[in-house]
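The values are calculated or read from the model by the stated rules, or taken from the named source; none is laboratory data. Remember, it's a predicted structure, so these values are computed and weren't measured experimentally. Cβ atoms come from the backbone with ideal geometry, glycine included; neighbour counts cover every protein chain shown.
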Amino acid sequence: MPVPTQKEKEIYELQKKYQRLDKQLKRLYGIGIEQYNQMWQGQDGLCAICGQLLSTPCLFAFCCSETYINHLCIFCLNNT
């Protein structure tokens with residue numbers, strides 16, 4: 001059995017991370033990662049409260065209703 005390369009290991013770890021994130025989103029909010037990313041892009045990647053640019057889609061979210069998620073920066077999340 002061949003030994004996986006460093007690149008193959010990195011790809012495997014990213015796939016595992018993606019799968020964990022997808023499961024967590026489905027469990028917490030009932031949506032998949034694709035829908036989550038669309039919602040994040042709909043906010044132009046900004047915190048819903050202070051407008052700070054969020055560099056990546058984050059898991060810091062405040063669920064306002066069953067159908068919409070506001071993405072917040074960690075500062076605003078801690079102060080809500």
Only one of (1) of a type outside the set (Asp, Glu); (2) at pLDDT 80 or above; (3) assigned to a loop (DSSP other than H, G, I, E, B) fails for Cys58. Which number is that? (2)
Before we move on, is Ile49 touching a Leu at 6+ places or on another chain (Cβ under 9 Å), modelled with pLDDT of 80 or more and β-branched (Val, Ile, Thr)? no
Pairs with Cβ under 6 Å, 6+ apart, first in region 1-28 and modelled with pLDDT under 90, second of a type in the set (Phe, Trp, Tyr): Leu25/Tyr36
Condition (residue is among the β-branched types (Val, Ile, Thr), out of contact with any Phe, Trp or Tyr (no Cβ under 7 Å at 6 or more places or on another chain) and exposed (fewer than 15 other Cβ atoms within 10 Å of the Cβ)) applied to region 13-36: is it met by at least one residue? no
Do we find that Gln43 is modelled with pLDDT under 85, closer than 24 Å to Leu53 by Cβ and surrounded by fewer than 13 Cβ atoms within 10 Å (Cβ to Cβ) in this structure? no
